[in-house]
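K.L.:
Can you keep this structure in mind? I'll have questions shortly.
The values are calculated or read from the model by the stated rules, or taken from the named source; none is laboratory data. Remember, predicted model here, so these are calculated numbers, not experimental data. Backbone-built Cβ (ideal geometry, glycine too); neighbour counts: all protein chains shown. Each accessible area value is taken on the protein alone, full model and side chains, heavy atoms only, with ligands, DNA and RNA left out. Shrake-Rupley method; radii C 1.70, N 1.55, O 1.52, S 1.80 Å.
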Amino acid sequence: MKSFLSKLSIAAAIITVVIGSSVPFAGQRQRTVPAPPLNVASYLPTSDAIVVVDVKRMLNETMPGILGGDAAKLADANAEVDKFKTKTGIDLHAIDRVVIGVHYTYPTPTSTRLETVAIAHGTFDARALAASIRAAANGKSREEKYRGATITIVNVNDDLKLLGLWSMRVNELAICMLDQNSLALGTPANVRAAVDAGKAGRAPADLVSLATRDASAVIGFGGSITPELLTKLDVGNDTIAKDVGAIRQVYGSVGSTQTDVTVMMVARTDSIDAAKNLGDTVEGLKQLGGVFIMRMTQPRKGLAESALNNLKITARGTELELRTQVTAASLAGLIK
């Protein structure tokens, strides 16, 4: 129970760090023009959650706002962008938006695995990209033909700072040009699923709508909370478990200005009473959150305090909205 309360008390801060650090970035801060409209559902296989990232804004606006005051971290971050290109042949600066489809699987009765595929949207030169991928692979790649598409499987075998925050071991990365504006990345099986989905895609329309609800967001997301997923959650308290069990979907967004990062998350429940009860529970946890924050060390403590102090909790019908804001600079200390 203590662990759960601690996590809830800094949830907004964690969400801000995780999502706000999800894409490597460039060194020049500038306001970018929003990317042109796209069919977000294109090539997405059946998904339980969807995340849409405006990469151009993340690269040129959000992340420079966070690391603009720390030249060393900015240099390290740009080095990670270069490393990603060196290892995969893909230049993140050529990407406008990335849409991530997530499918929940349950390999054991007590575990949940997230199967993900990323569909990168931009303008790609097929020949140049293929040559770049082959050069990066340095002979450690193979090609697979699937339903008329060519999937290149690169043996990366290295630690990459994926999502700009976590160093993750990447063994094999499958890459496939779906059309001149779309590129799939993931495991071979998940990239094949993207090919199967085709240009129309197979992701639920309601999740696509939730993930794109805020047209001005740097990141938008929407996901279903399935009964199977709920059975794997251990919240440590029957009352909280009941409130969480009433959640059917979550959605929200991350926005940024030159100085601040905002996070909004909405829990859509099965009734008005459930939303109110969930709100009461979160309000109680907010009051207890300060106790656990006092035990933290800086800079995490300062960020958590700011996120918690700015946290607004609002129940509207069957939905409960959580909204918070922190300064962009306060996030820099949590990025290693």
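K.L.:
Cβ-Cβ under 8 Å, sequence separation 6+ or interchain: first residue in the range 36-57 and farther than 27 Å from PRO227 by Cα and acidic (Asp, Glu), partner at pLDDT 90 or above and open to solvent by 10 Å² or more (accessible area, probe 1.4 Å). Which pairs?
P.N.:
ASP54/ASP96; ASP54/ARG97; ASP54/ALA217
K.L.:
Something else now. Does ALA77 count as open to solvent by less than 50 Å² (accessible area, probe 1.4 Å) and either more than 20 Å from GLU172 (Cα to Cα) or not in a strand (DSSP E or B) (or both)?
P.N.:
Answer is yes for this residue.
K.L.:
Scan (1) at positive phi; (2) under 21 Å from the mean Cα position of the chain (by Cα); (3) open to solvent by 30 Å² or more (accessible area, probe 1.4 Å) for the single condition GLY186 breaks and write down its number.
P.N.:
(3)
K.L.:
Would you point out which residue out of ASP159, ASP206, ASP234 is outside any helix (DSSP H, G or I), among the charged types (D, E, K, R), within 21 Å of the chain's Cα centre (by Cα) and surrounded by fewer than 17 Cβ atoms within 10 Å (Cβ to Cβ)?
P.N.:
Exactly one of ASP159, ASP206, ASP234 is outside any helix (DSSP H, G or I), among the charged types (D, E, K, R), within 21 Å of the chain's Cα centre (by Cα) and surrounded by fewer than 17 Cβ atoms within 10 Å (Cβ to Cβ), namely ASP159.
K.L.:
Anything in the range 39-64 that is over 24 Å from PRO204 (Cβ atoms) and among the hydroxyl-bearing types (Ser, Thr, Tyr)? List them, or say none.
P.N.:
Kept after step one, since they are over 24 Å from PRO204 (Cβ atoms), are these residues of the range 39-64: 56-64.
The one that is over 24 Å from PRO204 (Cβ atoms) and among the hydroxyl-bearing types (Ser, Thr, Tyr): THR62.
K.L.:
Which residues, taken from the range 80-110, are open to solvent by 60 Å² or more (accessible area, probe 1.4 Å) and either assigned to a strand (DSSP E or B) or touching a Pro at 6+ places or on another chain (Cβ under 8 Å) (or both)?
P.N.:
Hit for the range 80-110 is HIS103, nothing else.
K.L.:
Return yes when ARG169 is buried (at least 17 other Cβ atoms within 10 Å of the Cβ) and either part of a loop (DSSP other than H, G, I, E, B) or of a type in the set (Lys, Arg) (or both) and no when it is not.
P.N.:
No.
K.L.:
Please go through the range 251-301 and pick out each residue that is among the acidic types (Asp, Glu) and farther than 19 Å from GLU319 by Cβ.
P.N.:
Answer for the range 251-301, where residues must be among the acidic types (Asp, Glu) and farther than 19 Å from GLU319 by Cβ: just ASP260.
K.L.:
Looking only at residues in the range 313-336 that are assigned to a helix (DSSP H, G or I) and of a type in the set (A, V, I, L, M), which one is surrounded by the fewest Cβ atoms within 10 Å (Cβ to Cβ)?
P.N.:
ALA329
K.L.:
Do the conditions hold for ASN181, that is, is it open to solvent by 60 Å² or more (accessible area, probe 1.4 Å) and touching a residue at least 60 places away in the same chain (Cβ under 8 Å)?
P.N.:
yes
K.L.:
Do you know which of the residues in the range 270-312 that are outside any helix (DSSP H, G or I) and within 28 Å of ALA246 (Cα to Cα) is least open to solvent (accessible area, probe 1.4 Å)?
P.N.:
The extreme case among them is LEU311.
K.L.:
Separate question: Just give me the residues in the range 81-104 being over 22 Å from THR123 (Cβ atoms) and within 18 Å of the chain's Cα centre (by Cα), in sequence order.
P.N.:
VAL102, HIS103, TYR104
K.L.:
In this structure, does THR327 turn out to be over 25 Å from the mean Cα position of the chain (by Cα) and farther than 30 Å from THR231 by Cα?
P.N.:
The answer is no for THR327.
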